[in-house]
Ligand code: AMP
Ligand code: MG
């Protein structure tokens with residue numbers, strides 16, 4: 001296996017002079033050199049074929065002992081110098097000070113086919129940033145991160161990727177629901193891959209310490225390497241940079257809302273500067289279309305990171321980034337102007353996205369109202385988001401909207417309890433469908449063309465929480481086949497895949513309140 005190593009982060013930026021894993025505050029540096037922990041009995045569970053391919057690793061090489069050693073943390077690639085990054089962050093709205101890569105270790109950067117990729121192990125032991133924790137990750141969270149990163153990519157959502165999932169052979173003590181019931185679980189390491197893992201918090205930490213030289217060094221590095229169209233040398237460059245980060249973040253959030261993804265922990269240390277979905281922890285997928293839902297039990301009081309708040313939380317996080325970049329710009333007005341453009345732009349793009357979900361493409365002044373009306377309907381009875389939008393594409397112009405409610409058969413499968421559909425609700429649906437029918441007449445597309453377009457926007461298959469949990473339960477028994485089955489299923493989420501129809505189904509009742517399915521914590 002020959003990787004084309006071209007490190008920049010740990011060669012162009014400042015390192016912490018200390019090299020031990022001892023917990024500490026690291027100042028005037030962007031990273032600390034660290035050594036990954038050697039696992040006692042590493043075992044390869046899964047490799048993403050695509051990710052290995054774009055790194056220049058053949059499938060044969062991915063099955064080799066060398067691959068296992070490198071991506072489990074056992075062996076350091078010759079000539080590389082692994083490191084953990086320094087960052088801070090706002091957690092649940094409060095400044096938390098230094099956080100840093102507490103259980104992530106960056107191995108190196110690889111350039112293949114002119115693309116640059118940073119390789120990072122998650123769960124390979126302590127770093128100076130591990131605070132009171134062990135730097136390890138459990139199998140369940142690692143399966144969730146590995147599968148979801150890849151699934152999100154194939155859904156068209158900007159995201160970090162995952163190369164491999166490896167069991168360490170070491171047990172890890174975790175208190176899953178933080179209720180005093182600690183137990184040992186299998187440990188695992190995932191190798192994450194992205195152009196860069198820099199977060200909003202990497203900039204915030206320097207401004208919080210009034211270390212403007214380091215702030216400038218990191219920002220210039222980021223622009224030079226990842227925003228090459230921006231010409232450095234003036235404060236305009238930093239404004240352009242901020243604008244670009246805002247654009248990418250907004251785009252990412254729109255995709256989350258489109259597919260029903262709830263991140264669960266949108267702290268500023270979990271916001272990628274490249275607008276990638278990063279840090280898959282207690283995330284989840286909307287099943288019932290409940291805008292107030294969050295999968296994260298650690299956030300159950302305020303539900304700060306609920307589905308409907310994600311767009312505004314992203315803006316709040318961008319405001320924190322603006323504060324962090326402020327010393328490089330020296331005036332707040334141009335930053336405020338960029339921030340102020342977010343909400344109106346989001347509203348416009350969100351409308352467009354929601355219209356695409358129901359097959360509308362022309363301008364019509366009543367569309368927002370039609371969508372608001374629909375969203376209200378979807379919350380009257382528990383309605384499965386994925387199934388509803390996917391099946392709505394089967395509506396045809398000649399579908400009769402009868403009083404008896406037979407037209408509802410098109411979307412019936414998406415109702416969690418169709419027997420409880422009260423006549424008054426059925427009659428409201430009738431009102432909505434009548435408006436919808438009139439509206440689609442105005443489009444130039446035939447029924448089948450509309451269906452084709454809608455199917456490109458509305459996935460048929462997403463990684464529902466219970467699906468991931470089934471794969472986890474099987475893996476804990478030593479059966480890894482479901483991980484691979486779901487990996488392949490989710491590579492084509494918009495395709496019909498009739499042989500996989502069993503995964504196009506509502507969440508089963510047993511999963512409604514099960515830990516790991518609808519209830520997840522930050523414990524991972
Ligand atoms: P998260 O909530 O996963 O984004 O993590 C917040 C901070 O806690 C980051 O600095 C992580 O690196 C750190 N962290 C989370 N879990 C662990 C762990 N098991 N060991 C060490 N650090 C951790
Ligand atoms: Mg994190």
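Using label points projected 7 Å from each Cα along Cα→Cβ, tell me how many nm separate residue 11 and residue 398, to one decimal.
6.7
Once you place label points 7 Å from the Cα toward the Cβ at residue 94 and residue 76, how far apart are they in nm?
Inter-label distance under the simple model: 3.7 nm.
Is region 152-279 rounded, prolate or oblate when judged by the Cα gyration tensor, a ≥ b ≥ c being the square roots of its eigenvalues, rounded requiring a/c under 1.5 and prolate requiring a/b larger than b/c?
Details: a/c = 2.16, a/b = 1.69, b/c = 1.28.
In terms of gyration-tensor shape, prolate.
Could you give the C-alpha radius of gyration of region 407-495 expressed as a fraction of 2.2 N^0.38 Å, taking N as the number of residues it contains?
Details: Rg = 18.7 Å, N = 89, 2.2 N^0.38 = 12.1 Å.
Taking N as the residue count of region 407-495, the ratio is 1.54.
Residues of region 408-423 with amide nitrogen under 17 Å from the 7 Å Cα-to-Cβ point of residue 431?
Residues passing the 17 Å test: 422-423.
Could you tell me what a quarter of the Cα convex hull surface of region 133-180 works out to, in nm² with one decimal place? Intermediate results must be reported in sequence, preceding the final value.
Numbers: hull surface 17.8 nm².
Projected over every direction and averaged, the Cα hull of region 133-180 covers 4.4 nm².
Taking region 209-253 on its own, what percent of its Cα-Cα pair distances exceed 15 Å? Before the final figure, lay out each step's value.
Details: 442 of 990 pairs.
Result for the distance tail: 45 percent.
From the square roots a ≥ b ≥ c of the eigenvalues of the alpha-carbon gyration tensor of region 465-511, which class results: rounded (a/c under 1.5), prolate (a/b over b/c), or oblate? All intermediate terms of the calculation are to be shown ahead of the outcome.
Values: a/c = 2.55, a/b = 1.31, b/c = 1.95.
Oblate is the answer for region 465-511, as a/c is 1.5 or above yet b/c matches or exceeds a/b.
Given the C-alpha centroids of region 442-458 and region 142-191, what is the distance between them in whole angstrom?
37
Counting residues in the chain as N, plug N into 2.2 N^0.38 Å and put the Cα Rg over that result.
Working: Rg = 23.8 Å, N = 524, 2.2 N^0.38 = 23.8 Å.
It is 1.00.
Given the -39500 (n - 2.57) contribution per DSSP H run of 4+ residues, what per-residue ellipticity at 222 nm results for the chain, rounded to the nearest 500 deg cm²/dmol? Each step should come with its number before you reach the end.
Details: 17 runs with 211 residues, N = 524.
After summing the helix terms and dividing by the residues of the chain, the value is -12500 deg cm²/dmol.
Counting DSSP beta bridges with both partners in the chain, what percentage is antiparallel, nearest 5? Kindly include the intermediate steps, with their values, before the conclusion.
On the way: 42 of 46 bridges.
Of those bridges, close to 90 percent are antiparallel.
Taking the Cα atoms of region 362-457 alone, what are Rg (to one decimal) and Dmax (as a whole number) in Å?
Calculated on Cα positions, Rg and Dmax stand at 13.0, 37 Å.
Need one word for region 258-378: rounded, prolate or oblate. Basis is the Cα gyration tensor (sqrt eigenvalues a ≥ b ≥ c); a/c below 1.5 gives rounded, then a/b vs b/c decides.
Working: a/c = 2.38, a/b = 1.24, b/c = 1.92.
Judged from the Cα gyration tensor, region 258-378 comes out oblate (a/c at least 1.5, b/c at or above a/b).
With r as the distance between the Cβ atoms of residue 343 and residue 304 and R0 = 22 Å, compute the FRET efficiency 1/(1 + (r/R0)^6) and round to 0.05. Don't jump to the answer; show the numbers that get you there.
Working: r = 18 Å, r/R0 = 0.83.
Efficiency for this residue pair is about 0.75.
In whole Å, what is the distance between the alpha-carbon centres of region 67-109 and region 363-426?
46
Give, in nm to one decimal, the length gained when the segment between residue 445 and residue 234 is fully stretched (0.36 nm per residue of separation minus the Cα-Cα distance).
Details: separation 211, 0.36 × 211 = 75.96 nm, distance 4.87 nm.
Difference between extended and current length: 71.1 nm.
Packing-wise, with mean Cβ within 10 Å as the measure, how do 241-251, 268-278, 506-516 rank, highest first? Can you show the working numbers first?
Values: 241-251: 19.8, 268-278: 23.9, 506-516: 14.2.
Averaged packing, sorted descending, gives the order 268-278, 241-251, 506-516.
How big is the Rg/Rh ratio for region 9-197, C-alpha atoms only, Rh by Kirkwood, two decimals? Let's see the in-between values first.
Details: Rg = 16.3 Å, Rh = 17.1 Å.
Taking Rg over the Kirkwood Rh, I get 0.96.
Gain in length, residue 18 to residue 362, computed as 0.36 nm per residue apart minus the alpha-carbon separation, to one decimal in nm? Show your work: numbers first, answer last.
Working: separation 344, 0.36 × 344 = 123.84 nm, distance 6.04 nm.
117.8 nm is the gain from fully extending residue 18 to residue 362.
Express the relative contact order of the chain as a whole percentage, based on alpha carbon pairs under 8 Å and six or more residues apart in sequence.
Numbers: 970 pairs, mean separation 75.7, N = 524.
About 14 percent, as a whole number.
So what's the angle, to the nearest 10 degrees on a 0 to 90 scale, between helix 423-441 and the longest Cα principal axis of the chain?
80
None of the figures in this text is laboratory data; all of them are computed from the coordinates on show. The shown structure was predicted, so the numbers you read here are calculated from the model rather than taken from an experiment. Positions of Cβ are generated from backbone atoms using ideal geometry, with glycine treated the same way; all protein chains shown enter the neighbour counts.
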